[in-house]
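Asker: Shown below is the structure under consideration.
The values are calculated or read from the model by the stated rules, or taken from the named source; none is laboratory data. Computed from a prediction, not measured in an experiment: that's the story for all the values here. All Cβ positions, even for glycine, are placed from backbone atoms using ideal geometry, and neighbour counts span all protein chains on display.
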């Protein structure tokens with residue numbers, strides 16, 4: 001039995017081996033990025049993004065360096081980078097990478113990690129991490145607080161809630177009062193807020209139906 005255990009690694013050993021390989025790979029990726037004339041402030045976020053991606057994926061991509069380039073493209077294009085109107089061709093030329101390869105890797109990373117992707121009025125993309133982005137967390141808290149207050153007014157004073165008006169008020173508060181999103185991306189924020197409001201409105205809709213059913 002002991003001989004068999006020596007021949008076949010345990011799950012713990014396999015996991016440790018995978019972690020060591022992943023750490024070695026992101027170290028290689030960091031060194032790879034440092035050779036280019038890029039913003040060094042983004043390197044840590046870039047390798048962190050690739051690390052999270054590799055932790056989820058079962059297989060390591062054949063050419064992982066392409067994914068480091070794509071991750072760098074993602075982290076430097078937060079909405080607060082607006083206006084970021086550098087063309088994909090210019091970005092790819094810096095790394096001798098085809099545009100199609102960049103788009104494939106970007107889509108693979110963002111879909112795997114559930115990133116929010118928005119476009120400005122000139123159709124340039126920006127990316128938001130729904131789990132780690134501080135601005136988005138602030139926005140979610142503001143939305144929840146506003147809807148909770150509106151819900152209490154509805155329950156106590158029977159004041160109906162207009163989701164469109166509520167969304168418009170929230171967008172103005174977030175941009176002009178809290179400055180948690182660039183003013184130039186007003187329309188894009190409106191779409192994000194509208195989606196968040198719809199999610200929070202589930203309880204309100206249920207209460208509204210019950211009120212109509214049981215109260216005159």
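Asker: Give me a count of the residues in segment 101-117 that are surrounded by 17 or more Cβ atoms within 10 Å (Cβ to Cβ) and part of a helix (DSSP H, G or I).
Answerer: Total meeting the criteria: 6.
Asker: Can you say whether residue 22 is at pLDDT 90 or above, surrounded by 12 or more Cβ atoms within 10 Å (Cβ to Cβ), within 20 Å of residue 112 (Cα to Cα) and in the same structural domain as residue 91 (by TED's automatic domain parsing), as far as the supplied structure shows?
Answerer: Working: at pLDDT 90 or above: no; surrounded by 12 or more Cβ atoms within 10 Å (Cβ to Cβ): yes; within 20 Å of residue 112 (Cα to Cα): yes; in the same structural domain as residue 91 (by TED's automatic domain parsing): yes.
No; evaluated as a whole, the condition is false for this residue.
To keep it simple, each residue is scored yes or no on (1) surrounded by fewer than 18 Cβ atoms within 10 Å (Cβ to Cβ); (2) more than 15 Å from the chain's Cα centre (by Cα); (3) at negative phi; (4) not assigned by TED's automatic domain parsing to the domain that holds residue 182.
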residue: 60; (1), (2), (3), (4): yes, yes, yes, yes
residue: 95; (1), (2), (3), (4): no, yes, yes, yes
residue: 99; (1), (2), (3), (4): yes, yes, yes, yes
residue: 119; (1), (2), (3), (4): yes, no, yes, yes
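Asker: Within segment 127-142, does at least one residue satisfy the condition of being over 16 Å from the mean Cα position of the chain (by Cα), surrounded by fewer than 17 Cβ atoms within 10 Å (Cβ to Cβ) and without any contact (Cβ under 8 Å) to a residue 12 or more places away in the chain? Reasoning before the result, please.
Answerer: Applying the first criterion (over 16 Å from the mean Cα position of the chain (by Cα)) to segment 127-142 yields 141-142.
From what is left, the residues that are surrounded by fewer than 17 Cβ atoms within 10 Å (Cβ to Cβ) are 141.
Then keep just the ones that are without any contact (Cβ under 8 Å) to a residue 12 or more places away in the chain; that gives 141.
Looking for residues that are over 16 Å from the mean Cα position of the chain (by Cα), surrounded by fewer than 17 Cβ atoms within 10 Å (Cβ to Cβ) and without any contact (Cβ under 8 Å) to a residue 12 or more places away in the chain, one finds at least one in segment 127-142, hence yes.
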